[in-house]
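The values are calculated or read from the model by the stated rules, or taken from the named source; none is laboratory data. Owing to the predicted nature of the structure, the values given are computational and were not obtained by experimental measurement. FYI the Cβ positions are ideal-geometry reconstructions off the backbone, even for glycines, and counts take in every protein chain you see.
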Amino acid sequence: MDDPMALIELRRIVKTYRIADMDVPVLKGVSLRIESGELVALMGSSGSGKSTLMNILGCLDRPTSGEYWFDHKEIARLPADERALLRNRCMGFVFQSFNLLPRASALENVTMPLSYAAHYISDREARQRASEMLRRVGLKDRMEHEPSQLSGGQQQRVAIARALINRPPVLFADEPTGNLDSHTSNEVLQMFEELNREDGITIILVTHDAAVARHARRVIRIADGLIVDSDTESSLQSAEGK
Amino acid sequence: MKIHRILRTALQALRRNPMRAMLTTLGIVIGVGAVIAMMEIGNGSSAAVQKSIASMGANTILVLPGTAASGGISFGFGTSVTLTPQDYEAIVRECPAVVSAAPVVRARTQVVYGNRNWVPNTIEGATPSFQQVRNWTDMADGEFFSNRDVLNANKVCVLGQTIVRELFQGESPVGKEIRIKNISFRVVGVLASKGANMMGMDQDDIVLAPWTTIKYRVTGSMLTSNNQSSSSSSTSNSSTSTSVNTLNTLYPGQQSLYPAQSTTQAADNPISVRFTYIDQILANAASTAEIPSAIRQITATLRERHHLRDGEDDDFNIRDMTEMTRMLTSTTHLMTNLLLCVALISLLVGGVGIMNIMLVSVTERTREIGLRMAVGARARDILRQFLVESVVLCLVGGGVGIVLGHGGSYLVQMLLHWPVQNSPGAIAAAVIVSASVGVVFGYYPAWRASRLDPIDALRYE
């Protein structure tokens, strides 16, 4: 407990949903450390609580009890507006269904988070940063294309560029390859690895697919609201062998 | 988030569904267009109605001298002698709400032409401004007498149609001489027919002459012949008929026969100054709405001129055509209220349309809202975005409506020749109202959008 604090540290996180006067516990005391620069896969079957955990990690939701330390700050009890600011500044999100704005160009999609930034960014700078990001994900000749004119893999890469536009230290990817075929999946996952390796971005992959989890350096397994196994790469091989 | 970026986001969102945006604003377009068109047409006709009522004398203010009372017996209006020609001049000079005024001296006596005679309903002495005050600038024949005639107390007069009919029986009276109280007046003009007034009195039964003439030659001779003919200041020609007032010194505009007294002399020899008074002052307010301020200004001017202290009663009376004015304002009020009802109903319908589409839009874009929240939009950013969207919709609708309404009223003017009056007030109101319709009816959908939970919104199918 006294060792230097990790980038993300959860302590005894409990999340209980209340559905029709019944308390349904989803997370039953999760403690977790993720160091800066890690590439972590969060694995679990559906209903295991991995989505809830990811929402809490991504500051989209608040735990019922427990502590969440992010970058040396306790943020479990932060009000909504400050969490929004934190998400904008420190977290990027990539979703299974891309969630791009329809009928807006790739460039417009990527600049969108900048308009919610705390400090003002001029239109020119925004465009510049966005085109740089799109170049980074290999879409420099598709900037003016609308999502409907892009393939699934390209759309997901636009989403990645959007997630990175504010240069967040952490990137959350919720089943990022769920809607992609295996070839484009691999491309996207390689991009994550590259970002993690070259830019040192902490990436948290949420998935139920072992093939996806194989790209991660650490796998956190969650079942029935508890972490069952927090392995490094070596133990992953044996887990796969099961 | 900077305003231009919010605007751009709103426009982007609206551009995604241009057909729907257009149909949504149609309600506002029709509402605002109808209001503008009706306002302009309504204003035009109400101005036309006002003008015709004003020609009946609705804007006229009558100033009468106060009431004289003796031994507890009051003699009624106009019995005290307090209004002077100088009061009239002061009213013209000092009351900005009064556009024109005329002094009036009244007489009632026989008028003779040849072997016929007639007692006109009104013989009035006035100034040429009488024409403006009474809205009676049309002449059937000849001309009205001039200010010079007033200054010189020339023996000229203008006749009403009834007099012409009774005395001249069809021949043109211009240039003929009629006699009023043994004084001959040359007829210089004939007034256009005006018909009966609201009380049924024949307004054409009138003889108009310069007020100085009536005052000093007609009524003056009647009231003051005794003391004036014996007055020491009379000149040598007092030998002529005593029934004619020939006191030249009294005519306005003429040089005094004697050098002016110094103030010391005046104080030493208090002689009663001959006090010229007039029977009434007619004044015309700039518009019906300005009647109260005109009355206030006239009161203030006269009180000052008459040296009335605070608390002292006015020594004059002011009357206006309250009944007519009230009728006028009630018609315009009724019209405005009707228009307002129509406007409110159509804007309400338009606003409900906006709200409906905004609710659909919020539901449709739930995932977008969730995404925006995930990347850092706060609840108030979302609220603002949807509010701006509906306000933009309404303002665009309002703008198109203004153009359409204005064009519509222009067409009505061109094709049907209805009187139309531009109404910048209505246009400004339309802009404000459509913006507030956007805020009011856009608020609920925007609030719903801002209250969405980002997790649910992201997962919304």
Subject >> Scope segment A:122-142; condition in a helix (DSSP H, G or I) and of a type outside the set (A, V, I, L, M); matching residues >> reply: A:D123, A:R124, A:E125, A:R127, A:Q128, A:R129, A:S131, A:E132, A:R135, A:R136
Original post:
In segment B:1-17, which residues are more than 8 Å from chain A (Cβ to nearest Cβ) and of a type in the set (D, E, K, R)?
Top reply: B:R8
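When segment A:97-128 is examined, which residues are found to be in contact (Cβ under 8 Å) with a residue 40 or more places away in the chain and either in contact with a strand residue (DSSP E or B) (Cβ under 6 Å, 6 or more places away or on another chain) or hydrophobic (A, V, I, L, M, F, W, C) (or both)?
A:F98, A:L100, A:L101, A:A104, A:A106, A:V110, A:M112, A:L114, A:A117
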Original post:
Only one of (1) surrounded by fewer than 21 Cβ atoms within 10 Å (Cβ to Cβ); (2) more than 14 Å from chain B (Cβ to nearest Cβ) is not met by A:Y68, so which one is it?
Top reply: (1)
**OP:** State whether the residues of segment A:134-154 include one that is among the aliphatic types (A, V, I, L, M), within 14 Å of another protein chain (Cβ to nearest Cβ) and on the phi < 0 side of the Ramachandran plot.
**Re:** no
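Okay, residues lined up against (1) over 30 Å from B:A47 (Cα atoms); (2) surrounded by fewer than 18 Cβ atoms within 10 Å (Cβ to Cβ):
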| position | (1), (2) |
| --- | --- |
| B:A283 | no, no |
| B:I291 | no, no |
| B:L334 | no, yes |
| B:R365 | yes, no |
| B:I369 | yes, no |
| B:F386 | yes, no |
| B:E389 | yes, no |
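Scan segment A:131-153 for residues that are closer than 20 Å to B:R16 by Cβ and either under 18 Å from the mean Cα position of the chain (by Cα) or among the polar types (S, T, N, Q) (or both) and jot them down.
The first filter runs over segment A:131-153 and keeps only residues closer than 20 Å to B:R16 by Cβ, leaving A:142-150.
The answer is A:S148, A:Q149.
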Subject >> Filter result for A:V14 (touching a Ser or Thr at 6+ places or on another chain (Cβ under 9 Å) and in a strand (DSSP E or B)) >> reply: yes
Original post:
Which helices (runs of 4 or more DSSP H) sit wholly inside segment B:1-110 and have at least 2 residues that are at pLDDT below 85?
Top reply: B:3-15, B:18-55
Original post:
Going by the conditions given, is A:K15 of a type outside the set (S, T, N, Q) and within 27 Å of B:A377 (Cα to Cα)?
Top reply: yes
Original post:
Would it be correct to say that A:A104 is modelled with pLDDT under 90 and under 30 Å from A:M143 (Cβ atoms)?
Top reply: yes
Original post:
For B:L458, which of the numbered conditions (1) away from chain A (no Cβ under 14 Å); (2) surrounded by 21 or more Cβ atoms within 10 Å (Cβ to Cβ); (3) modelled with pLDDT under 90; (4) part of a helix (DSSP H, G or I) fails to hold?
Top reply: (1)
**OP:** Collect the residues in segment A:44-58 that are more than 9 Å from chain B (Cβ to nearest Cβ) and either at positive phi or not in a helix (DSSP H, G or I) (or both), keeping them in residue-number order.
**Re:** A:G44, A:S45, A:S46, A:G47, A:S48, A:G49
Original post:
Here are some residues: B:I369, B:I345, B:I354. Which one is more than 14 Å from every other protein chain (Cβ to nearest Cβ), assigned to a helix (DSSP H, G or I), under 16 Å from B:A449 (Cα atoms) and out of contact with any strand residue (DSSP E or B) (no Cβ under 7 Å at 6 or more places or on another chain)?
Top reply: B:I354
Original post:
Across segment A:1-30, what is the total count of residues that are modelled with pLDDT of 90 or more and hydroxyl-bearing (S, T, Y)?
Top reply: 1
Original post:
What about A:S122, is it polar (S, T, N, Q), closer than 26 Å to A:N179 by Cβ and either more than 10 Å from chain B (Cβ to nearest Cβ) or out of contact with any Pro (no Cβ under 8 Å at 6 or more places or on another chain) (or both)?
Top reply: no
**OP:** Return only the number of the condition from (1) surrounded by fewer than 22 Cβ atoms within 10 Å (Cβ to Cβ); (2) at negative phi that B:G170 does not satisfy.
**Re:** (2)
Original post:
So B:E364 clears everything in (1) within 14 Å of chain A (Cβ to nearest Cβ); (2) at pLDDT 90 or above except one condition, right? Which one?
Top reply: (2)
Original post:
Looking at segment B:402-410, is at least one residue in contact (Cβ under 8 Å) with a residue 60 or more places away in the chain, polar (S, T, N, Q) and in a helix (DSSP H, G or I)?
Top reply: yes
Subject >> Flag if A:L189 is among the aliphatic types (A, V, I, L, M) and more than 13 Å from chain B (Cβ to nearest Cβ) >> reply: yes
Original post:
Where residues in segment A:102-119 are within 15 Å of B:A377 (Cα to Cα) and at the interface with chain B (Cβ under 8 Å from one of its Cβ atoms), which of them is surrounded by the fewest Cβ atoms within 10 Å (Cβ to Cβ)?
Top reply: A:A117
Original post:
From the residues in segment A:85-97 that are surrounded by fewer than 22 Cβ atoms within 10 Å (Cβ to Cβ) and not in a helix (DSSP H, G or I), which one is nearest to the other protein chains (Cβ to nearest Cβ)?
Top reply: A:S97
Subject >> Among the residues listed as A:E82, A:E74, A:E38, the single one being of a type in the set (D, E, K, R), surrounded by fewer than 21 Cβ atoms within 10 Å (Cβ to Cβ), more than 12 Å from chain B (Cβ to nearest Cβ) and over 25 Å from A:V137 (Cβ atoms) >> reply: A:E74
Original post:
So which residues in segment B:373-390 are within 7 Å of chain A (Cβ to nearest Cβ) and among the charged types (D, E, K, R), if there are any at all?
Top reply: B:R378, B:D381
Original post:
Does at least one position in segment A:182-195 carry a residue that is outside any loop (DSSP other than H, G, I, E, B), touching a residue at least 60 places away in the same chain (Cβ under 8 Å) and closer than 24 Å to A:S36 by Cα?
Top reply: yes
Subject >> Within segment A:154-194, tally of residues that are surrounded by fewer than 24 Cβ atoms within 10 Å (Cβ to Cβ), within 17 Å of the chain's Cα centre (by Cα) and among the small types (G, A, S) >> reply: 2
